[in-house]
Amino acid sequence: MSLQIAFEKHKLSLTVTSFFYPFTHPELVGALAKRGFTVPPPSQLPSEVGPRNYLGGRVATKSGCSVEADADRKILAASGADIGQVLAIFEELLEIAEHPFEIDLDSELDYVELLSNMVVGTAQSPLRVFECISKDMKCLGRISKRAGSEVSIYGFRLMPRGSTPLRRDWFDIRIEPRVSTPERAYYMDIVYRKPEATLVLDFLKQLHDKVGEIILALEEGGQ
């Protein structure tokens, strides 16, 4: 059985450096509507408008994807289950940022971040894979003595060596046995953040292959 990768959700966010959040209301909704996005009816929108008025949460939908705004974090995001559709919607958000909002993405883009989660079916037992990996971890023997029971790792997280989550250049890959089917599948969460939008978009385009390569490397080490 080959790996069966089932993506659940992808979210691409752009964050800007401008002092004020630029995506004001009603300009954001208007720009999205002109591009064929479904936006809330006027009765569900705030009556107040102006330079410091914003919408929050999901503000539009299109092609099975949602557009989300967060003024506090200065984020505009596209989310959905299909990689191709999420990429297409996010490209539209980048275009909207440049016009009509006149954001210079070369100088005002802080970073782009990808959040993805998925289930990976496998012929091997994820529980046993991590149990085998645990045998090479000397610290677990000492932990077992203090815990009063033999212990094993239940998944792990990967990050860039020498980095911290506070950096704009960052990734966090969490892999563990899926709770409901721990003998047949992994659950994975991925955070991938870069100052350059193209690097994040390219990573998402290759995500299926990268996930497969990571799981295969994991299982080779757990034999």
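Rule-based calculations on the coordinates, nothing more; no lab input. Keep in mind that this is a model prediction, so the values were computed, not measured. Cβ: placed from backbone, ideal geometry, glycine included. Neighbour counts: every protein chain shown.
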Low-density loop positions, GluC sites (Glu not before Pro), segment 71-159 - DSSP coil, at most 10 other Cβ in 10 Å: Glu102
Computed magnitude of the charge dipole of segment 19-102 (debye, nearest 20; Cβ of K, R +1, Cβ of D, E -1): 180 debye
Net charge contributed by nearby residues that have their C-beta within less than 15 Å of Gly221 (K/R +1, D/E -1): -3
Alpha-carbon centroid distance for the pair segment 106-134 / segment 163-223, whole angstrom: 3 Å
Signed unit charges on C-beta, dipole axis of the chain, positive-most listed residue Leu32, Ser116, Thr15: Ser116
Dipole-positive endmost among Met188, Ser149, Leu201 within segment 138-223 (Cβ charges, Cα centre): Ser149
The chain - percent relative contact order, Cα under 8 Å, separation 6 or more: 23 percent
Read-out semi-axes √(5λ) of the Cα gyration tensor in Å, derived from the coordinates shown; its label in [x] 37, 18, 15; [y] 40, 19, 16; [z] 50, 25, 13: [y]
Under 5 Å, built H, 5+ apart or other chain: amide partners of Val151: Ser144
When segment 19-102 is reduced to its Cα atoms, the Kirkwood hydrodynamic radius in Å: 12.9 Å
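Rounded to the nearest 500, what is the 222 nm mean residue ellipticity of the chain from helices alone, with -39500 (n - 2.57) per DSSP H run of 4+ residues and division by all residues?
Working: 7 runs with 70 residues, N = 223.
For the chain, the value works out to -9000 deg cm²/dmol.
Out of the chymotrypsin sites (Phe, Trp or Tyr not before Pro) in segment 163-223, which ones are loop residues according to DSSP with at most 14 other C-beta atoms within 10 Å? Before the final figure, lay out the partial values.
Values: sites: Trp170, Phe171, Tyr186, Tyr187, Tyr192, Phe203; in loops: none.
Hits after loop and neighbour filter: nothing returned.
Would you mind working out the magnitude of the charge dipole of the chain relative to its Cα centre, with +1 at each Lys and Arg C-beta and -1 at each Asp and Glu C-beta, to the nearest 20 Debye? Kindly include the intermediate steps, with their values, before the conclusion.
Details: 26 positive and 31 negative charges, 210 e Å.
Result for the chain is approximately 1000 debye, rounded to the nearest 20.
Out of segment 112-148, which trypsin sites (Lys or Arg not before Pro) are coil in DSSP terms and have no more than 11 other C-beta atoms within 10 Å? Could the numbers behind the result be given before it?
Working: sites: Arg128, Lys135, Lys138, Arg142, Lys145, Arg146; in loops: Lys135, Lys138.
In loop regions of segment 112-148 (DSSP not H, G, I, E or B), the sparsely surrounded trypsin sites (Lys or Arg not before Pro) are Lys135, Lys138.
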Given charges at beta-carbon only (K, R positive; D, E negative), |dipole| of segment 112-223 in Debye: 480 debye
